[in-house]
Amino acid sequence: MNVLVINCGSSSLKYQLIDSVSENVLAKGLCERITIDGSRLTHTPAGRDKVVIEKPMPDHTAAVKLVLEELTDPENGVIQSLEEIGAVGHRIVHGGEKFAASTVITDEVVQAIEECNDLAPLHNPANLIGINACKECMPGVPMVAVFDTAFHQTMPKKAYLYGLPYEYYEKYKVRRYGFHGTSHSYVSKRAAQILNLDIKNSKMIVCHLGNGASVCAVLNGESVDTSMGLTPLEGLIMGTRSGDIDPAIMEFISKKEQLSLEEMMTVLNKKSGVAGLSKVSSDFRDLDAAAAQGNELAADALQVYAYRVAKYIGSYVAAMNGVDVICFTAGVGENNSAVRKMVCEYLGYLGIAIDDEKNALRGEEVTISTEDSRVRVMVIPTNEELAIARETVALVP
Ligand code: AMP
(Lines give C-alpha, C1' and ligand atoms only; values in the text may rest on other atoms or scores of the structure.)
Protein backbone atom coordinates (compact mmCIF):
# COMPACT_ATOMS: atom_id res chain seq x y z
CA MET A 1 0.00 0.00 0.00
CA ASN A 2 1.17 3.55 -0.70
CA VAL A 3 0.87 5.89 2.27
CA LEU A 4 0.86 9.65 1.94
CA VAL A 5 2.53 11.14 5.01
CA ILE A 6 1.51 14.73 5.72
CA ASN A 7 3.12 17.21 8.09
CA CYS A 8 1.06 20.36 7.90
CA GLY A 9 2.12 23.71 9.36
CA SER A 10 0.30 27.02 9.34
CA SER A 11 1.79 28.07 5.98
CA SER A 12 3.65 24.93 4.91
CA LEU A 13 2.92 21.32 4.07
CA LYS A 14 5.58 18.60 3.89
CA TYR A 15 4.74 15.27 2.32
CA GLN A 16 6.19 11.90 1.44
CA LEU A 17 4.57 9.13 -0.54
CA ILE A 18 5.91 5.85 0.86
CA ASP A 19 5.46 2.33 -0.50
CA SER A 20 4.74 0.50 2.75
CA VAL A 21 5.94 -2.86 1.42
CA SER A 22 9.38 -1.85 0.16
CA GLU A 23 9.41 1.16 2.53
CA ASN A 24 10.82 3.21 -0.34
CA VAL A 25 10.01 6.90 -0.64
CA LEU A 26 8.35 7.32 -4.04
CA ALA A 27 8.24 11.11 -3.90
CA LYS A 28 8.54 13.88 -1.36
CA GLY A 29 8.06 17.59 -1.30
CA LEU A 30 7.18 20.81 0.41
CA CYS A 31 4.54 23.48 -0.14
CA GLU A 32 5.65 26.85 1.19
CA ARG A 33 3.91 30.17 1.71
CA ILE A 34 0.43 28.66 1.66
CA THR A 35 -2.12 31.51 2.11
CA ILE A 36 0.70 34.00 1.44
CA ASP A 37 1.81 35.65 -1.82
CA GLY A 38 4.54 33.72 -3.62
CA SER A 39 3.42 30.18 -2.74
CA ARG A 40 5.44 27.38 -4.26
CA LEU A 41 5.71 23.63 -4.29
CA THR A 42 9.03 21.79 -4.45
CA HIS A 43 8.34 18.23 -5.59
CA THR A 44 11.01 15.52 -5.77
CA PRO A 45 10.16 12.20 -7.40
CA ALA A 46 12.62 9.51 -6.22
CA GLY A 47 15.72 9.32 -8.37
CA ARG A 48 14.75 12.34 -10.46
CA ASP A 49 15.42 16.06 -10.30
CA LYS A 50 13.19 18.20 -8.14
CA VAL A 51 10.64 20.46 -9.76
CA VAL A 52 9.59 23.82 -8.40
CA ILE A 53 6.05 24.96 -9.16
CA GLU A 54 5.09 28.51 -8.38
CA LYS A 55 1.34 28.71 -8.19
CA PRO A 56 -1.03 30.51 -5.80
CA MET A 57 -2.16 28.37 -2.87
CA PRO A 58 -4.83 30.47 -1.18
CA ASP A 59 -5.57 27.70 1.32
CA HIS A 60 -4.35 24.23 2.34
CA THR A 61 -6.94 22.51 0.18
CA ALA A 62 -5.32 24.18 -2.84
CA ALA A 63 -1.94 22.93 -1.61
CA VAL A 64 -3.13 19.32 -1.19
CA LYS A 65 -4.77 19.47 -4.64
CA LEU A 66 -1.51 20.63 -6.17
CA VAL A 67 0.45 17.87 -4.39
CA LEU A 68 -1.99 15.24 -5.66
CA GLU A 69 -1.75 16.68 -9.17
CA GLU A 70 2.03 16.38 -9.08
CA LEU A 71 1.95 12.85 -7.66
CA THR A 72 -0.24 11.76 -10.59
CA ASP A 73 1.30 14.06 -13.21
CA PRO A 74 2.34 12.18 -16.39
CA GLU A 75 5.79 13.76 -16.28
CA ASN A 76 6.62 14.41 -12.60
CA GLY A 77 4.27 11.88 -11.05
CA VAL A 78 4.99 8.52 -9.46
CA ILE A 79 1.50 6.96 -9.53
CA GLN A 80 -1.17 6.68 -12.22
CA SER A 81 -4.17 7.66 -10.15
CA LEU A 82 -5.22 8.66 -6.65
CA GLU A 83 -6.61 5.17 -6.14
CA GLU A 84 -3.01 4.10 -5.60
CA ILE A 85 -2.95 6.04 -2.31
CA GLY A 86 -4.25 3.58 0.27
CA ALA A 87 -4.05 5.78 3.36
CA VAL A 88 -2.88 9.12 4.71
CA GLY A 89 -0.81 9.47 7.87
CA HIS A 90 -0.87 12.86 9.58
CA ARG A 91 1.74 14.11 11.99
CA ILE A 92 -0.13 15.75 14.87
CA VAL A 93 1.91 17.68 17.39
CA HIS A 94 -0.20 17.53 20.55
CA GLY A 95 -2.49 14.73 21.64
CA GLY A 96 -2.66 15.89 25.27
CA GLU A 97 -3.63 13.09 27.66
CA LYS A 98 -6.27 11.88 25.24
CA PHE A 99 -3.96 10.00 22.88
CA ALA A 100 -1.41 7.48 24.08
CA ALA A 101 -1.18 5.90 20.61
CA SER A 102 -1.84 6.61 16.95
CA THR A 103 -5.47 6.40 15.92
CA VAL A 104 -7.69 6.22 12.85
CA ILE A 105 -9.15 9.68 12.24
CA THR A 106 -12.91 9.94 12.79
CA ASP A 107 -15.10 12.98 13.53
CA GLU A 108 -14.70 12.22 17.26
CA VAL A 109 -10.91 12.11 16.90
CA VAL A 110 -10.91 15.44 15.06
CA GLN A 111 -12.91 16.92 17.92
CA ALA A 112 -10.54 15.47 20.51
CA ILE A 113 -7.54 16.92 18.64
CA GLU A 114 -9.33 20.27 18.54
CA GLU A 115 -9.71 20.07 22.31
CA CYS A 116 -5.89 19.94 22.53
CA ASN A 117 -5.51 23.15 20.49
CA ASP A 118 -4.90 25.23 23.62
CA LEU A 119 -1.82 23.13 24.38
CA ALA A 120 -0.25 23.72 20.94
CA PRO A 121 -1.91 26.81 19.49
CA LEU A 122 0.65 27.19 16.71
CA HIS A 123 0.64 23.57 15.60
CA ASN A 124 -2.60 21.66 16.22
CA PRO A 125 -4.93 24.01 14.31
CA ALA A 126 -2.59 23.76 11.31
CA ASN A 127 -2.50 19.95 11.61
CA LEU A 128 -6.31 19.94 11.62
CA ILE A 129 -6.41 22.11 8.51
CA GLY A 130 -4.25 19.45 6.84
CA ILE A 131 -6.68 16.71 7.88
CA ASN A 132 -9.66 18.65 6.51
CA ALA A 133 -7.89 19.48 3.25
CA CYS A 134 -7.02 15.80 2.65
CA LYS A 135 -10.56 14.74 3.55
CA GLU A 136 -11.88 17.15 0.94
CA CYS A 137 -9.46 16.07 -1.78
CA MET A 138 -9.47 12.32 -1.02
CA PRO A 139 -12.87 11.45 0.41
CA GLY A 140 -13.07 7.90 1.68
CA VAL A 141 -9.30 7.36 1.98
CA PRO A 142 -8.57 6.24 5.55
CA MET A 143 -6.47 8.63 7.59
CA VAL A 144 -4.43 8.08 10.73
CA ALA A 145 -3.23 10.61 13.32
CA VAL A 146 0.27 10.03 14.70
CA PHE A 147 1.06 12.21 17.72
CA ASP A 148 4.43 13.66 18.78
CA THR A 149 3.29 13.34 22.38
CA ALA A 150 1.81 9.80 22.37
CA PHE A 151 5.04 7.86 23.03
CA HIS A 152 5.57 9.83 26.25
CA GLN A 153 2.18 9.00 27.75
CA THR A 154 3.88 6.13 29.62
CA MET A 155 5.77 8.64 31.80
CA PRO A 156 5.03 8.17 35.50
CA LYS A 157 3.40 10.95 37.51
CA LYS A 158 6.70 11.77 39.25
CA ALA A 159 8.16 12.65 35.83
CA TYR A 160 5.25 14.57 34.36
CA LEU A 161 4.04 16.68 37.27
CA TYR A 162 5.51 20.15 37.77
CA GLY A 163 6.03 21.67 41.21
CA LEU A 164 3.06 23.96 40.68
CA PRO A 165 -0.32 24.21 42.44
CA TYR A 166 -2.01 20.91 41.61
CA GLU A 167 -5.16 22.73 40.54
CA TYR A 168 -3.40 23.85 37.33
CA TYR A 169 -3.01 20.22 36.39
CA GLU A 170 -6.62 19.51 37.40
CA LYS A 171 -8.08 22.53 35.63
CA TYR A 172 -5.81 22.97 32.61
CA LYS A 173 -3.79 19.74 32.36
CA VAL A 174 -0.54 21.64 32.86
CA ARG A 175 2.08 18.87 32.94
CA ARG A 176 5.04 17.49 31.00
CA TYR A 177 3.96 15.96 27.70
CA GLY A 178 7.18 15.79 25.70
CA PHE A 179 7.59 15.85 21.93
CA HIS A 180 9.59 14.09 19.17
CA GLY A 181 7.87 10.91 20.40
CA THR A 182 7.76 9.35 16.95
CA SER A 183 11.52 9.86 16.61
CA HIS A 184 12.39 8.62 20.11
CA SER A 185 10.25 5.55 19.56
CA TYR A 186 11.69 4.80 16.11
CA VAL A 187 15.31 5.26 17.19
CA SER A 188 15.04 3.22 20.39
CA LYS A 189 13.37 0.31 18.53
CA ARG A 190 15.95 0.48 15.76
CA ALA A 191 18.82 0.45 18.28
CA ALA A 192 17.41 -2.66 19.95
CA GLN A 193 17.01 -4.32 16.55
CA ILE A 194 20.58 -3.53 15.46
CA LEU A 195 22.08 -4.66 18.76
CA ASN A 196 19.82 -7.70 19.00
CA LEU A 197 18.78 -6.45 22.41
CA ASP A 198 15.55 -7.35 24.19
CA ILE A 199 13.92 -3.91 24.28
CA LYS A 200 11.61 -5.10 27.07
CA ASN A 201 14.68 -5.42 29.24
CA SER A 202 16.73 -2.38 28.30
CA LYS A 203 17.73 1.10 29.41
CA MET A 204 18.23 3.62 26.61
CA ILE A 205 18.71 7.35 26.31
CA VAL A 206 17.84 8.93 22.96
CA CYS A 207 19.21 12.39 22.15
CA HIS A 208 17.18 13.94 19.32
CA LEU A 209 19.38 16.92 18.49
CA GLY A 210 17.89 18.89 15.63
CA ASN A 211 16.82 22.49 15.37
CA GLY A 212 14.40 21.48 18.11
CA ALA A 213 16.05 19.09 20.54
CA SER A 214 15.03 16.72 23.29
CA VAL A 215 16.38 13.81 25.30
CA CYS A 216 14.28 10.82 26.28
CA ALA A 217 14.79 8.08 28.85
CA VAL A 218 13.43 4.86 27.39
CA LEU A 219 13.09 2.09 29.97
CA ASN A 220 12.08 -1.34 28.65
CA GLY A 221 10.88 0.28 25.42
CA GLU A 222 8.73 2.92 27.13
CA SER A 223 9.34 6.63 27.63
CA VAL A 224 9.78 7.30 31.35
CA ASP A 225 11.05 10.88 31.12
CA THR A 226 11.84 13.49 28.50
CA SER A 227 13.26 16.99 28.45
CA MET A 228 10.53 18.90 26.60
CA GLY A 229 7.53 19.77 28.69
CA LEU A 230 4.09 21.29 28.31
CA THR A 231 5.54 22.86 25.17
CA PRO A 232 8.74 22.24 23.18
CA LEU A 233 10.44 25.18 24.93
CA GLU A 234 11.72 23.25 27.94
CA GLY A 235 14.89 21.26 28.31
CA LEU A 236 17.93 21.42 26.06
CA ILE A 237 19.36 24.57 24.57
CA MET A 238 18.16 24.46 20.97
CA GLY A 239 18.73 26.32 17.70
CA THR A 240 16.69 29.34 18.77
CA ARG A 241 14.91 28.12 21.94
CA SER A 242 16.33 28.76 25.37
CA GLY A 243 15.43 25.43 26.96
CA ASP A 244 15.47 25.47 30.79
CA ILE A 245 15.94 28.85 32.41
CA ASP A 246 15.16 30.29 35.82
CA PRO A 247 11.50 31.30 35.27
CA ALA A 248 12.16 34.55 37.19
CA ILE A 249 14.36 35.70 34.30
CA MET A 250 11.18 36.39 32.36
CA GLU A 251 10.00 39.06 34.78
CA PHE A 252 13.51 40.48 35.15
CA ILE A 253 14.16 40.89 31.41
CA SER A 254 10.64 41.99 30.56
CA LYS A 255 11.00 44.88 33.04
CA LYS A 256 14.48 45.85 31.89
CA GLU A 257 13.65 45.68 28.19
CA GLN A 258 9.99 46.73 28.46
CA LEU A 259 8.77 43.55 26.81
CA SER A 260 5.24 42.20 26.94
CA LEU A 261 4.71 38.53 27.85
CA GLU A 262 4.18 37.77 24.18
CA GLU A 263 7.41 39.52 23.20
CA MET A 264 9.23 37.67 25.99
CA MET A 265 7.96 34.35 24.61
CA THR A 266 9.26 35.34 21.18
CA VAL A 267 12.68 35.97 22.72
CA LEU A 268 12.66 32.54 24.39
CA ASN A 269 11.38 30.67 21.33
CA LYS A 270 13.01 32.50 18.44
CA LYS A 271 15.94 34.59 19.64
CA SER A 272 17.63 32.39 22.22
CA GLY A 273 19.40 29.04 22.09
CA VAL A 274 22.73 28.76 20.31
CA ALA A 275 21.64 31.52 17.90
CA GLY A 276 21.15 33.98 20.76
CA LEU A 277 24.21 32.85 22.68
CA SER A 278 26.59 32.96 19.72
CA LYS A 279 25.13 35.97 17.89
CA VAL A 280 26.09 33.93 14.81
CA SER A 281 23.46 31.42 13.76
CA SER A 282 21.17 28.60 14.86
CA ASP A 283 22.87 26.32 12.34
CA PHE A 284 25.66 24.20 13.77
CA ARG A 285 27.60 24.31 10.51
CA ASP A 286 27.87 28.09 10.90
CA LEU A 287 28.78 27.73 14.57
CA ASP A 288 31.53 25.21 13.81
CA ALA A 289 32.94 27.47 11.10
CA ALA A 290 32.84 30.54 13.33
CA ALA A 291 34.40 28.68 16.28
CA ALA A 292 37.16 27.38 13.99
CA GLN A 293 37.92 30.96 13.01
CA GLY A 294 38.32 31.92 16.65
CA ASN A 295 34.85 33.29 17.39
CA GLU A 296 34.69 32.83 21.17
CA LEU A 297 30.94 33.27 21.51
CA ALA A 298 30.34 30.52 18.96
CA ALA A 299 32.78 28.22 20.77
CA ASP A 300 31.10 29.01 24.09
CA ALA A 301 27.64 28.34 22.64
CA LEU A 302 28.77 24.87 21.56
CA GLN A 303 30.16 24.21 25.04
CA VAL A 304 26.98 25.36 26.77
CA TYR A 305 24.93 23.24 24.39
CA ALA A 306 26.94 20.04 24.92
CA TYR A 307 27.10 20.54 28.69
CA ARG A 308 23.30 20.73 28.88
CA VAL A 309 22.92 17.53 26.84
CA ALA A 310 25.40 15.75 29.11
CA LYS A 311 23.57 16.94 32.25
CA TYR A 312 20.29 15.55 30.92
CA ILE A 313 21.91 12.23 30.09
CA GLY A 314 23.29 12.12 33.64
CA SER A 315 19.88 12.80 35.12
CA TYR A 316 18.28 10.04 33.06
CA VAL A 317 20.96 7.57 34.08
CA ALA A 318 19.84 8.38 37.63
CA ALA A 319 16.15 8.09 36.69
CA MET A 320 16.66 4.59 35.25
CA ASN A 321 19.44 3.55 37.62
CA GLY A 322 21.72 2.86 34.66
CA VAL A 323 21.90 2.92 30.89
CA ASP A 324 22.78 0.31 28.25
CA VAL A 325 22.61 2.39 25.08
CA ILE A 326 22.81 6.09 24.23
CA CYS A 327 21.61 7.13 20.76
CA PHE A 328 22.19 10.35 18.86
CA THR A 329 19.81 11.37 16.09
CA ALA A 330 18.43 14.30 14.00
CA GLY A 331 20.39 17.02 12.14
CA VAL A 332 23.01 17.79 14.78
CA GLY A 333 23.01 14.35 16.44
CA GLU A 334 23.54 12.59 13.10
CA ASN A 335 26.03 14.99 11.53
CA ASN A 336 28.01 16.77 14.17
CA SER A 337 30.76 14.46 15.45
CA ALA A 338 32.33 17.25 17.53
CA VAL A 339 29.14 17.77 19.53
CA ARG A 340 28.81 14.02 20.11
CA LYS A 341 32.42 13.86 21.26
CA MET A 342 32.00 16.83 23.59
CA VAL A 343 28.90 15.27 25.15
CA CYS A 344 30.52 11.86 25.58
CA GLU A 345 33.61 13.34 27.20
CA TYR A 346 31.41 14.14 30.21
CA LEU A 347 30.36 10.50 30.44
CA GLY A 348 33.67 8.81 31.22
CA TYR A 349 32.31 7.96 34.68
CA LEU A 350 29.87 5.59 32.94
CA GLY A 351 32.77 3.77 31.32
CA ILE A 352 31.98 5.33 27.95
CA ALA A 353 34.74 5.55 25.35
CA ILE A 354 34.27 6.80 21.78
CA ASP A 355 36.03 5.42 18.69
CA ASP A 356 37.04 8.57 16.80
CA GLU A 357 37.11 6.86 13.42
CA LYS A 358 33.60 5.52 13.77
CA ASN A 359 32.44 8.84 15.20
CA ALA A 360 33.67 10.54 12.02
CA LEU A 361 31.29 8.47 9.83
CA ARG A 362 28.24 10.26 8.44
CA GLY A 363 24.67 9.44 7.54
CA GLU A 364 24.66 5.82 8.58
CA GLU A 365 23.62 3.64 11.48
CA VAL A 366 26.80 3.12 13.45
CA THR A 367 28.03 2.25 16.92
CA ILE A 368 30.54 4.96 17.81
CA SER A 369 31.65 3.59 21.17
CA THR A 370 34.72 1.36 21.42
CA GLU A 371 34.44 -2.42 21.83
CA ASP A 372 35.23 -2.16 25.53
CA SER A 373 32.96 0.83 26.26
CA ARG A 374 30.60 -0.16 29.08
CA VAL A 375 27.70 1.65 27.41
CA ARG A 376 26.99 1.41 23.69
CA VAL A 377 26.79 4.78 21.99
CA MET A 378 25.12 4.85 18.58
CA VAL A 379 24.19 7.21 15.77
CA ILE A 380 20.85 6.28 14.24
CA PRO A 381 19.39 8.55 11.55
CA THR A 382 15.78 9.19 12.48
CA ASN A 383 12.97 8.64 10.01
CA GLU A 384 9.76 10.11 11.36
CA GLU A 385 7.95 9.82 8.02
CA LEU A 386 8.63 6.09 7.78
CA ALA A 387 7.53 5.66 11.39
CA ILE A 388 4.29 7.52 10.59
CA ALA A 389 3.74 5.35 7.49
CA ARG A 390 4.27 2.18 9.57
CA GLU A 391 1.83 3.35 12.24
CA THR A 392 -0.68 4.19 9.53
CA VAL A 393 -0.46 0.81 7.82
CA ALA A 394 -0.78 -0.96 11.17
CA LEU A 395 -4.15 0.71 11.76
CA VAL A 396 -5.63 0.57 8.28
CA PRO A 397 -7.13 -2.77 7.25
P1 AMP B 1 16.84 19.01 11.97
O2 AMP B 1 15.93 19.90 12.75
O3 AMP B 1 16.89 17.60 12.49
O4 AMP B 1 16.64 19.09 10.48
O5 AMP B 1 18.32 19.58 12.23
C6 AMP B 1 18.69 20.82 11.71
C7 AMP B 1 20.05 21.20 12.22
O8 AMP B 1 21.00 20.14 12.03
C9 AMP B 1 20.63 22.37 11.44
O10 AMP B 1 20.21 23.58 12.00
C11 AMP B 1 22.11 22.16 11.57
O12 AMP B 1 22.54 22.88 12.71
C13 AMP B 1 22.29 20.68 11.82
N14 AMP B 1 22.93 20.03 10.68
C15 AMP B 1 22.32 19.54 9.60
N16 AMP B 1 23.22 19.02 8.74
C17 AMP B 1 24.43 19.18 9.30
C18 AMP B 1 25.77 18.84 8.94
N19 AMP B 1 26.03 18.24 7.78
N20 AMP B 1 26.75 19.16 9.81
C21 AMP B 1 26.49 19.76 10.98
N22 AMP B 1 25.26 20.10 11.37
C23 AMP B 1 24.24 19.81 10.56
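The values are calculated or read from the model by the stated rules, or taken from the named source; none is laboratory data. Since we're looking at a predicted model, the values are computed, not measured. In this analysis, Cβ positions are derived from the backbone assuming ideal geometry, glycine residues included, and neighbour counts consider all displayed protein chains. These area figures cover heavy atoms from the full protein model, side chains too; ligands, DNA and RNA do not enter into them. Shrake-Rupley method; radii C 1.70, N 1.55, O 1.52, S 1.80 Å.
A few comments on the model shown:
- Judged by the ratio a/c of the largest to the smallest principal axis of the C-alpha gyration tensor, the stretch 110-258 counts as oblate, that ratio being 1.5 or greater while a/b is no larger than b/c.
- Among 183-194, 114-125, sorting by the average number of other beta carbon atoms lying within 10 angstrom of each residue, highest first, gives 183-194, 114-125.
- Computed about the Cα centre, the dipole magnitude for the stretch 31-134 is approximately 280 debye when only Lys and Arg (+1) and Asp and Glu (-1) carry charge, each at its Cβ.
- Residue-level accessible surface for K255, protein heavy atoms, 1.4 Å, Å²: 130 Å²
- Binned Cα-Cα distances of the stretch 193-305, short to long, each 10 Å bin given as a whole percent: 14, 34, 28, 18, 5, 1
- Separation of alpha-carbon centers, the stretch 309-386 and the stretch 1-38, rounded to whole Å: 30 Å
- Cut-off 16 Å, label 7 Å out along Cα→Cβ of E97, residues of the stretch 217-253 by amide N: 230-231
- On the beta carbon distance between E75 and T35, with R0 = 25 Å, the FRET formula returns roughly 0.35.
- Long hydrophobic helices in the chain: the complete DSSP H runs spanning 24 Å or more by Cα along their own axis with mean Kyte-Doolittle hydropathy of at least -1.0 are 296-320.
- Our analysis of the stretch 238-397 gives Rg over Rh at 1.04, with the two radii drawn from alpha carbon positions and Rh computed by the Kirkwood formula.
- The calculated 222 nm mean residue ellipticity attributable to helices in the chain amounts to -11000 deg cm²/dmol, summing -39500 (n - 2.57) over DSSP H runs of n ≥ 4 and dividing by all residues.
- Charge dipole magnitude, Cβ of K and R +1, D and E -1 - the chain, Cα centre, debye nearest 20: 740 debye
- For the stretch 222-297, lysine pairs with C-alpha atoms less than 18 angstrom apart, excluding pairs fewer than eight positions apart on the same chain, total 4.
- Relative contact order of the chain: 14 percent, from C-alpha pairs under 8 Å at least 6 residues apart in sequence.
- Per residue value of the accessible surface for the chain (all protein chains in place, 1.4 Å probe), Å²: 47 Å²
- For the chain, with all protein chains in place and a probe radius of 1.4 Å, 50% of the accessible heavy-atom surface sits on carbon or sulfur.
- Exposure of Y15 as accessible area (Å², to 10), given a probe of 1.4 Å and all protein chains: 10 Å²
- Rounded if a/c under 1.5, otherwise prolate or oblate - the chain, Cα gyration tensor axes: rounded
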